[in-house]
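Working notes, structure below.
The values are calculated or read from the model by the stated rules, or taken from the named source; none is laboratory data. What you are looking at is a predicted structure, and each value in this text was computed from that prediction instead of being measured. Backbone-built Cβ (ideal geometry, glycine too); neighbour counts: all protein chains shown.
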Ligand SMILES: C[S@@+](CC[C@H](N)C(=O)[O-])C[C@H]1O[C@@H](n2cnc3c(N)ncnc32)[C@H](O)[C@@H]1O
């Protein structure tokens, strides 16, 4: 059974720096949606996997005033919840789906983790650094944090070392698209040390993600970008570890 998703992540699993052997590890999948990364971590031996997501789309980070959601959008998100359940049953998985916002991650509620995975989420958040800091709260010292996040290729080429981001639309929960340097800076500013940062790659669209239309309007503005986006969404993978809190000097 292959559930139709927004992204086809099967090829990506081989290239992100997620440890091959997660035997005995307690793992967190942040923004799990259909659960691809939750089930992948379980497949790699995790002893326990918790996937968190925000089921109520009105609680996503919308620009204000929040537009009324089209029914098709609500239906698509409801179908995604079912995809987690379908895959869980088909795999005989023990992974848990919890309705918790990344901002609200609290060790008293979800416990602490050896490994956290965050996939294609920061672009949906008004405060990406706040979200990354929240992940640090629930990661054990020495824990592993793996990120597979969208980036802007043009900003990454134009400004290789200067952290920069562009802002997306006003009518959807889409915010910052960072360049590679900005993504690294966000992770560092949230209290992590980046151990591995890969080169950009394209994540293929799945059946439920529309391709940009081949219209003159789309292509006249920025043809290279439109052709790239038809091929896939540029991403970068990072492996980071939490930096210990500094003890204040007395
Ligand atoms: C583009 S999907 C990525 C799904 C999956 N991680 C992947 O890699 O394919 C983004 C997911 O983040 C969820 N999300 C949005 N805001 C969130 C928040 N504040 N906390 C946790 N998840 C959130 C959305 O509901 C959606 O399922």
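Worth a mention:
- Some residue of the range 119-126 being within 15 Å of the ligand (Cβ to nearest atom), assigned to a strand (DSSP E or B) and within 26 Å of residue 165 (Cα to Cα): yes
- Of 177, 138, 144, 203, all but one fail to be within 14 Å of the ligand (Cβ to nearest atom), touching a residue at least 40 places away in the same chain (Cβ under 8 Å) and within 18 Å of residue 114 (Cα to Cα); the exception is 138.
- Residue 156 at pLDDT 95 or above, more than 22 Å from residue 25 (Cα to Cα) and away from the ligand (no atom under 11 Å from the Cβ): yes
- Residue in the range 9-21 that is within 13 Å of the ligand (Cβ to nearest atom), part of a strand (DSSP E or B), in contact with a helix residue (DSSP H, G or I) (Cβ under 8 Å, 6 or more places away or on another chain) and closer than 16 Å to residue 239 by Cβ present: no
- Residues that are farther than 28 Å from residue 133 by Cα, at pLDDT 85 or above and more than 16 Å from the ligand (Cβ to nearest atom) within the range 45-92 comprise 89, 90, 91, 92, listed in sequence order.
- Residue satisfying all of: in the range 11-43; in contact with a strand residue (DSSP E or B) (Cβ under 9 Å, 6 or more places away or on another chain) and surrounded by fewer than 18 Cβ atoms within 10 Å (Cβ to Cβ); farthest from residue 116 (Cα to Cα) among these: 11
- Selection status of residue 115, closer than 22 Å to residue 44 by Cβ and either within 13 Å of the ligand (Cβ to nearest atom) or out of contact with any helix residue (DSSP H, G or I) (no Cβ under 8 Å at 6 or more places or on another chain) (or both): no
- All positions within the range 57-73 that are over 13 Å from residue 172 (Cβ atoms) and in contact (Cβ under 8 Å) with a residue 24 or more places away in the chain: 59
- Residue match in the range 161-172 (condition: within 23 Å of residue 8 (Cβ to Cβ) and in contact with a strand residue (DSSP E or B) (Cβ under 6 Å, 6 or more places away or on another chain)): no
- Flag for residue 207 being at pLDDT below 95 and touching a helix residue (DSSP H, G or I) at 6+ places or on another chain (Cβ under 6 Å): no
- Residue 2 vs. criteria exposed (fewer than 13 other Cβ atoms within 10 Å of the Cβ), within 15 Å of the ligand (Cβ to nearest atom), within 28 Å of residue 229 (Cα to Cα) and over 16 Å from the mean Cα position of the chain (by Cα): yes
- Enumeration of residues in the range 29-44 that are more than 11 Å from the ligand (Cβ to nearest atom) and either touching a residue at least 60 places away in the same chain (Cβ under 8 Å) or in a strand (DSSP E or B) (or both): 41
- Every test in (1) touching a helix residue (DSSP H, G or I) at 6+ places or on another chain (Cβ under 7 Å); (2) surrounded by fewer than 22 Cβ atoms within 10 Å (Cβ to Cβ); (3) under 22 Å from residue 231 (Cα atoms) is passed by residue 148 save one, and that test is (2).
- Summed over the range 100-112, the residues that are within 15 Å of the ligand (Cβ to nearest atom), over 16 Å from the mean Cα position of the chain (by Cα) and touching a residue at least 40 places away in the same chain (Cβ under 8 Å) give a count of 1.
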